[in-house]
Amino acid sequence: MSKFLLLLNENPADNPDWSPEEMQTIIDRYRAWRESLGGRVVGGQKLKDEGGKVLRRNEAEVRVLDGPYTEAKEVLGGFFLVEAESYTEAVELSRSCPHLEHGWITVREIDEV
């Protein structure tokens, strides 16, 4: 069985300021989704809203920049690592993820080198 990374993307401007109760409801929905996959999710984490670093090579120099920036239109908010037989199955597992209600998911297969 292959492993696939589900990258949870979002536009921060699209997300309202949820109350603590609303946030708990959202967390509970993610937990229920994860449990509904019966052990197919083998990892995953939410990334912190603030912070991060971007590294870019500029000829011989590596520049380190703060990021993601608050003015960024798209951010990576977290990820899940799932096991599936194919891209088709990984996409099907992703269709019911609650993240699709306020963002989008990029599915990438892990290359076990």
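The values are calculated or read from the model by the stated rules, or taken from the named source; none is laboratory data. Treat the numbers as computed from the prediction; the structure is a model and nothing was measured. Neighbour counts run over all protein chains shown; Cβ positions are idealised from the backbone, glycine included. We work out accessible area using only protein heavy atoms, side chains counted, and drop any ligands, DNA or RNA first. Shrake-Rupley method; radii C 1.70, N 1.55, O 1.52, S 1.80 Å.
Side notes on the structure shown:
- All positions within segment 38-65 that are surrounded by 10 or more Cβ atoms within 10 Å (Cβ to Cβ) and of a type in the set (Val, Ile, Thr): VAL41, VAL42, VAL54
- Filtered residues of segment 1-59 (kept if under 30 Å from GLU112 (Cα atoms), in a helix (DSSP H, G or I), more than 15 Å from the chain's Cα centre (by Cα) and without any contact (Cβ under 8 Å) to a residue 60 or more places away in the chain): ALA32, GLU35
- Pair list, Cβ < 7 Å and 6+ apart or interchain, from segment 71-91 residues that are in contact (Cβ under 8 Å) with a residue 40 or more places away in the chain to residues that are open to solvent by 100 Å² or more (accessible area, probe 1.4 Å): GLY77/LYS46; GLY78/GLN45; GLY78/LYS46; PHE79/GLN45; GLU83/MET1; ALA84/MET1; GLU85/MET1
- Of all residues making up segment 78-103, the number that are over 13 Å from ARG29 (Cβ atoms) and surrounded by 15 or more Cβ atoms within 10 Å (Cβ to Cβ): 12
- Scan of segment 1-32 for residues that are farther than 26 Å from LYS73 by Cβ and not hydroxyl-bearing (Ser, Thr, Tyr), ordered by number: MET1, LYS3, PRO20, GLU21, GLN24, ASP28, ARG31, ALA32
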